[in-house]
1. For region 142-231, what is the convex hull (Cα atoms) projected area averaged across all directions, in square nanometres?
2. Just how far, in whole angstrom, is region 28-82 from region 365-392 if you go by their alpha carbon centroids?
3. Rounded to two decimals, what is the ratio between the C-alpha radius of gyration of region 269-339 and 2.2 N^0.38 Å?
4. Counting other Cβ atoms within 10 Å of each Cβ, which GluC sites (Glu not before Pro) in region 169-208 have at most 13 and sit in a DSSP loop?
5. Rounded to the nearest 0.05, what FRET efficiency do Q390 and A480 have when you use their Cβ-Cβ distance and R0 = 22 Å?
6. At a Cα cut-off below 13 Å, give the aspartates and glutamates reachable from K466, other chains included and same-chain residues fewer than 8 away excluded.
7. Which value, in Å³ per residue, describes the convex hull spanned by the Cα atoms of region 429-580?
8. Tell me whether region 190-234 comes out rounded, prolate or oblate; compute the Cα gyration tensor, take square roots of the eigenvalues as a ≥ b ≥ c, and use a/c under 1.5 as the rounded threshold.
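The values are calculated or read from the model by the stated rules, or taken from the named source; none is laboratory data. As the structure is a computational prediction, the values presented were derived from the model and not from experiment. In this analysis, Cβ positions are derived from the backbone assuming ideal geometry, glycine residues included, and neighbour counts consider all displayed protein chains. To get the accessible areas, we keep the full protein, side chains included, count just its heavy atoms, and leave off ligands, DNA and RNA. Shrake-Rupley method; radii C 1.70, N 1.55, O 1.52, S 1.80 Å.
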Amino acid sequence: MNTKANQKDTQNKKQAKKSSYGASQITVLEGLAPVRKRPAMYIGSTGSRGLHHLIWECVDNGIDEAIAGHCNRIEIELLPESKIRVSDNGRGIPVDIHKQAGVSALEVVMTKLHAGAKFSSETYKVSGGLHGVGISVVNALSSKMRAEVKREGKLWVQEYKEGKPLRKVKSIGKSTSTGTTVIFQPDFSIFDENEFKWEVILSHLRQQAYLTSGLIIKIIDSREEKDKRSYKFYFEGGVSSFVRHLNRTNECRHENIFYMKKEVDDVFVEIGLQYTEDYKETIFGFANNIYTPEGGTHISGFRTALTRTLNNFAREKGYIKEKDSNLTGDDVREGLTTVVSVRLPNPQFEGQTKAKLGNAEARSSVDTAFSTIFKEFLDENPKDFQAIIQKCILASNARKAARTAKEAVLRKGVLDSLSLPGKLSDCSSKKPEESELFIVEGDSAGGSCKMGRDRNYQAILPLRGKILNVQRARLDKILANQELKSLVIAMGTGIGEQFNIAKLRYHKIILMADADSDGMHIKTLLLTFFYHYFPELIKKGYVYVAMPPLYRLKKGKKVIYVFTEEEKERELAKLQKVKDVKPAKATTIVKGFRTKSIGEDTDKQEVQEDPTKLPAVSIQRYKGLGEMNPDELFDTTMDPDKRLLKKIEIQDLESVDEVFEILMGKEVAPRKRFIQTHAKTVKNLDI
């Protein structure tokens, strides 16, 4: 008998059994189980964005009722224990028995994916709900949920746990009104965040109120009884009111806000716009009241129509001569603040989070509606047209001036190592996904970083002093700034219309400055630059801020680095902690004072070693990165296993725009008010 052969045959059979792939390996997730298994597929993420998305899904149902003309009030209340109550005075979710499912329609809507009235054009002509999964997803991701429906003169109730009904729908009383209320508590074993943010909720619901004129939206914060607060939104002006709100901190180029609303081929189009003295475009696109951060066909249709209409009208009025080239899209959108809202029967979004609209009919409907009415506006408001076209021509001239500077930068060929800035100490790796670029304040800190870094994947670019504030600067001035030009070349993406994120040489761009007020200012200037000219890098999660330590605490051989004053006090208390030891008859030191025992054993008491013999705690305050030696800098701020990095994210575009305008704009009064308002809440103020 061949024992070795038999053993090998047995091993092969076991291996085949392990690696077999058949019907038994196919897992079927029923009901709402797929949502709990892969929540990010339905709400985008399990972080703060996904947590707040639960509220948006509930609110969207009420807004759909309002758009259909059956609701004029929505109320959202933040309750203790992270519970949320959302109610509306719409028609109420049907409660009668669903023939196909054999249970109440309310239970079907709350517990089944792809179930709802939004698939029927008879019930909702337009709706934000594309997949019919919204409220059932909220139910699946909640540890507890309760639905209350006022309908047919009765109050109907059903409760759920992790998406499963606890009992059948039942009537618990009478009602003289109609509407739906849901109360849910997120399942925090699924989410990474556990706090609903008041400002994020206010900002989103303010948008919804602007987009649905005549709708009252009330928000109540009842989480803390002593700090109870509420807010109410109601706007009659539609998106023109929204544009006025967005431009409240900007200097406007012309007085009248352009506003239109029109229905073309079953697509309702509503647009508001106004030019400012700014150099960037601010555009908000919505489809069926759902914000589309990545734009889509409705935004494409608007931009095409805007460029064509302004060029044609400018030529007609003699502002552009026959020999002159047309204004580009960038020229006509510089300083433009726009809100484009469309409502259409069958919206086609990319993904459940609805980041981009894909309907082809939206492009043509927006183009047709806007072109006609905007031309009429320009004709009837010659002063506004003159202000607009002069702004566009000025932008065109600046673009042409910047082209020479830009070509000079691009001619250097960023992929050629010889063309990289002389001050850049590059890494040896050519793989962007593992490479890091540290943008460091000052040559002194840059020198320490260069000596302490890991040369395989860490590149260092020191910047001298404070860079240009780009909030009020065009591209030609930016490319004339040597520090910013070096940064653009080092990253490799190009800038402006030549920007190509695929050419980015580092997938971690880390801003590294001193932990003082000057360092904060430099980081703010750099973030302003990235936000205005490289927003895609922020959206992709490539921009970070390094967190160098503020103090070094040393006691004996133990060294601790801390980042805040509060952390310093906590660690000092630990290092100086009084210890429990057994008493002795000999002389001891009790709480720092020399004393004698009385000769017999006493109870256990808190004693400390003689402070004259105890190693003192050495405290070093770092005034700058240049004070740290290379090893310290790497261990505390650059070592991936030990460092603390903060990723830069944009959660609320409207608020970010406002803060940058206040802090970095030319108007002093708003900045002064901002400082006065927030001065008492600032931590680690360096005076």
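1. Spelled out: convex hull of the Cα atoms, projected over all directions, averaged, 8.2 nm².
2. For region 365-392 versus region 28-82, the Cα centre distance is 39 Å.
3. 1.22
4. On the way: sites: E193, E195, E199; in loops: E193, E195.
Qualifying residues, ordered by number: E195.
5. 0.40
6. Here the aspartates and glutamates satisfying the reach criterion relative to K466 are E441, D443, E483, D514, D518.
7. Dividing the Cα hull volume of region 429-580 by its residues yields 146 Å³.
8. Working: a/c = 3.37, a/b = 1.44, b/c = 2.33.
Oblate, since a/c reaches 1.5 and b/c is not below a/b.
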